[in-house]
Amino acid sequence: MKRLKFFAPVLFFVALGGILWRGLYLDSRTLPSMLIDKQMPEFALGTVSGEEVTNKDLPGQIFLLNVWGSYCLPCLVEHPTFMRLSEEGEIPVVGINYKDRNELAKDWLSTNGNPFTYSIQDEDGRFGIDLGVYGAPETYLVDSEGVIRYRHVSVLDEAVWQQEFLPAIAELRAESE
Amino acid sequence: MNSRQLHTFFLMLISIFLLVIQSSTFAQVDTFEFENNEQQSRFRQLSDELRCPMCQNTNLSGSTGGVAEDLRREIHRMILEGMSNEEIEQFMFERYGDFIFYRPRLRAETVLLWFGPIIFLILGGFVAYGIFRRANLIAKTAVVLNDEQEAKLNELVGK
């Protein structure tokens, strides 16, 4: 009993210390998305190339929704991954050209290549707010019903694709079978 | 220090002071127009109490971040549309979650955040009570010498 009385506080503080220690290494910059398992918000916007698109124009299969901008350097870093994915036909990528100017976006696509099925033009960031976007780049995984299933904030390179997206996509496919 | 040096010294002191003042009152100046003062003060209150999701430790009113600018514009729009503070906060919560609030809502996920400090205070109180009680007990049962023992003790320590 006496020993317990001595060790209980010690154990308590070791446990508390452990929790706080772990807390030091949590990534507080990546916010959890509020839209997971929710339908993609309604939109009716123009694309960078000038067509009108709404939710009805979404791919109707599992696809990526990538938030990008011509001002965004990390977007250039992840760009080769999206080029590969679209060239190899692995998954459709819909872009959201977030808080950008149309002519700059067009320039960027013609200089670097266009991996997107189309890019929704969100010039004033209103659609971004509905999605809970807080800065480019962000990439959402959307299922065939138009429901958002996963969000990755910041660069999506080959490593992230392999480690985060492939398992998530495999899970979605298994689910729908 | 001659009077000239003293003069420069005071000038420097005053400039530093002004710099400090300047940075503490720093806020983004938007050219939003409102129909009345009540709307304007609600706007100020909301953008002071909501946190910028991109820059993390700044409120919306103090942030130059792109998304903070957009969110201030949305708050302005919603106030003019006649939405209440609660409705505006709900709008923000649905998109950015608890993070957007400096004062998170009381929910299952935030219970520990709200009541953790009180729980720790109560635990600490129990521990302190235990320690004091024991100290008291020791003081009460302390051995008291009678005169004879006292004399012997004095003799032993050579007084």
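A few notes on this one:
- Picking from residues in the range A:28-66 that are within 11 Å of chain B (Cβ to nearest Cβ) and over 19 Å from B:Phe91 (Cβ atoms), the one that is most open to solvent (accessible area, probe 1.4 Å) is A:Arg29.
- Enumeration of residues in the range A:7-25 that are at pLDDT below 90, assigned to a helix (DSSP H, G or I), surrounded by fewer than 10 Cβ atoms within 10 Å (Cβ to Cβ) and not aliphatic (A, V, I, L, M): A:Gly23
- Look at the range B:56-68: where a residue is away from every other protein chain (no Cβ under 11 Å) and in contact (Cβ under 8 Å) with a residue 40 or more places away in the chain and a partner is open to solvent by less than 20 Å² (accessible area, probe 1.4 Å) and in a loop (DSSP other than H, G, I, E, B), sitting 6+ places away or on another chain with Cβ atoms under 9 Å, you get B:Asn59/B:Cys52.
- One residue from B:Glu86, B:Glu38 being open to solvent by 90 Å² or more (accessible area, probe 1.4 Å), over 25 Å from the mean Cα position of the chain (by Cα) and at pLDDT 90 or above: B:Glu38
- Which listed residue is in the same structural domain as B:Leu46 (by TED's automatic domain parsing), surrounded by fewer than 16 Cβ atoms within 10 Å (Cβ to Cβ) and polar (S, T, N, Q), from B:Asn57, B:Asn136: B:Asn57
- Just so you know, in the range A:130-152 the residues that are among the aliphatic types (A, V, I, L, M) and away from chain B (no Cβ under 13 Å) include one that is surrounded by the most Cβ atoms within 10 Å (Cβ to Cβ), and it is A:Val142.
- Of the residues B:Glu109, B:Glu150, the single one that is modelled with pLDDT under 90, assigned to a helix (DSSP H, G or I) and open to solvent by less than 90 Å² (accessible area, probe 1.4 Å) is B:Glu150.
The values are calculated or read from the model by the stated rules, or taken from the named source; none is laboratory data. This is a predicted model, so every value here is computed, not measured. Note: ideal-geometry Cβ built from the backbone for every residue, glycine included; neighbour counts use all protein chains shown. SASA here: full protein model, heavy atoms, side chains in, ligands and nucleic acids out. Shrake-Rupley method; radii C 1.70, N 1.55, O 1.52, S 1.80 Å.
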